[in-house]
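Below is one structure, written out as structure tokens; the observations come after it.
FYI, it's all coordinate maths here, none of it is from the lab. All figures in this text were calculated on a predicted structure; none of them were measured in a lab. Cβ coordinates were reconstructed from backbone atoms using ideal geometry, including for glycine residues, and neighbour counts include every protein chain displayed.
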């Protein structure tokens with residue numbers, strides 16, 4: 001059996017089946033959900049670049065993944081509407097609703113995430129191969145492909161799965177190039193880094209941390225083995241680095257449209273990119289820089305990418321209001337991502353992953369092979385950055401890059417347990433029970449949660465709405481279900497507490513009134529979304545005195561509160 005699993009042809013077929021299965025599961029959820037909060041803006045930004053060559057909406061995110069999301073709708077006839085930037089949500093909403101093809105455009109946009117889900121599964125396998133055999137590495141890929149949180153974000157037209165896949169690919173390509181020094185691997189490295197930087201700015205810190213870890217452990221291992229020759233000489237390394245940089249720059253240049261510009265000229269003595277790099281009013285290099293860029297054209301990507309970096313930095317410095325443990329935080333919370341991972345990860349992956357990471361540390365110490373520390377150190381570094389530096393705490397989606405590492409760790413744990421079972425060592429029966437329970441837990445998490453992968457919480461989260469909400473529980477995805485349920489109940493009018501980006505007048509609702517005062521009680525039919533409740537002052541506390549008539553999906557509570565003197569049995 002192990003011989004079959006270790007054949008390359010078997011691996012390729014197994015990976016293909018995993019990808020097809022995961023993509024099929026994801027696609028089966030599309031028709032259930034309305035668009036989520038960020039989908040209109042991503043669609044608007046990508047479609048503007050594809051249609052007009054401009055990139056003006058929400059520039060803090062680079063365009064590659066957004067372009068892929070926009071291609072399907074563009075080929076189906078969607079076009080940029082030209083609404084004023086920088087907020088792309090009104091533009092995206094007009095694209096989705098304005099031409100009467102809401103379902104078609106949203107479905108095609110969501111299909112643009114599937115290639116990145118496939119890439120994430122493959123990259124998980126590649127990372128597993130650095131510490132495991134082919135058969136066990138397939139297990140890691142399978143664990144990732146059955147993770148509800150990953151499947152949930154792969155089912156919407158956003159960029160978080162793309163960011164995780166491309167960033168891990170770039171770090172892996174760097175590791176590969178350091179090992180071989182080959183020209184081919186330098187080209188792959190440049191393409192991978194360009195892809196990661198062109199998807200999301202998180203590639204800068206996460207890729208930097210991962211790259212530093214990879215380089216550090218390899219230098220330590222080589223220092224311990226003086227007789228081990230470097231794959232190529234110093235000149236070849238420099239040439240390979242230059243080639244990788246050229247490929248990276250080419251990818252980014254093409255991603256932003258391929259145009260070249262002069263950043264300044266004799267009539268325009270200010271440029272945001274030049275000011276950001278060399279000083280707005282003072283600086284030794286400021287005047288020489290303006291002179292240089294007046295005579296030397298650069299890719300437009302240079303200016304736009306710097307703009308993205310500056311925009312995300314300003315966003316982080318200002319913080320982002322987030323809901324954690326029943327309270328609102330505006331400057332970030334140090335324990336946010338540890339909490340998010342602990343409640344949004346299925347228990348076999350969570351416990352197996354943590355134990356497996358510990359086993360890799362033990363193995364590195366026992367064998368003095370510090371390359372085994374790569375994934376543990378990457379995990380610690382990324383968590384440290386996300387928890388200590390980031391002030392934008394709006395979802396476990398910002399650390400999706402750690403799920404493949406947990407999958408590899410869980411596979412290491414499973415292999416260790418299986419070896420104990422096969423060898424008949426002490427506690428072999430207990431090891432077998434753990435393996436069976438883990439397999440059942442994975443299956444129940446994946447099958448029992450369908451189609452609500454985005455809102456998945458593990459059994460340890462008894463009251464998810466009291467823990468995390470924004471993009472972890474409610475991102476507006478259940479609004480379509482609410483509309484259908486109100487129609488089925490023949491509700492004539494509803495008071496609505498809603499926070500999201502649905503275009504309510506075009507949603508086909510019954511007569512509705514927005515509840516603008518969370519402290520003002522009302523009667524009749526009431527629908528309250530989890531996101532609206534979380535971010536409202538007092539969290540609609542007066543509603544706690546009434547029973548919830550039913551919950552629509554995972555996120556919307558529907559009440560019927562009779563008026564004074566009215567029969568409550570309704």
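Things to note:
- Considering only the stretch 479-561, percent of DSSP beta bridges that pair antiparallel, nearest 5: 55 percent
- Peptide packing: for 485-496, 239-250, the average count of neighbouring Cβ atoms within 10 Å per residue gives the ranking 239-250, 485-496, highest mean first.
- Estimated inter-spin distance, residue 259 and residue 511, nm [label 7 Å along Cα→Cβ]: 5.1 nm
- The order of the peptides 163-170, 217-224 by mean Cβ neighbours within 10 Å, most packed first, is 163-170, 217-224.
- Euclidean distance between Cα centres, the stretch 520-546 to the stretch 135-208, Å: 41 Å
- The stretch 479-561: relative contact order in percent, alpha carbon pairs under 8 Å with at least 6 residues between: 31 percent
- With 5 Å bins from 0: P(r) over the stretch 479-561, alpha-carbon pairs, percent: 3, 15, 30, 28, 18, 6, 0
- With an a/c value of 1.5 or above and a/b larger than b/c for the gyration tensor axes a ≥ b ≥ c computed over the alpha-carbon atoms, the stretch 14-164 is described as prolate.
- Two-site FRET efficiency, residue 54 against residue 75, from Cβ-Cβ distance with R₀ of 22 Å, rounded to 0.05: 0.70
- Each 20 Å bin, from zero up to the one with the longest distance, holds this percent of the alpha carbon pairs of the chain: 19, 51, 26, 4, 0.
- Here the stretch 1-60 and the stretch 69-109 have alpha carbon centers that stand 18 Å from each other.
- The chain: relative contact order in percent, alpha carbon pairs under 8 Å with at least 6 residues between: 15 percent
- DSSP-defined antiparallel bridges as percent of all bridges, the chain, nearest 5: 65 percent
- Computed over Cα pairs, the Kirkwood radius of the stretch 190-308 leads via Stokes-Einstein (1.567 mPa s, 4 °C) to a diffusion coefficient of 76 µm² per second.
- Extension gain (nm, one decimal) between residue 318 and residue 450, 0.36 nm per residue minus Cα-Cα: 43.8 nm
- Cα centroid of the stretch 460-493 to Cα centroid of the stretch 273-307, whole Å: 48 Å
- Here the gap between residue 423 and residue 224, fully extended at 0.36 nm per residue and compared with their Cα-Cα distance, gives a gain of 68.3 nm.
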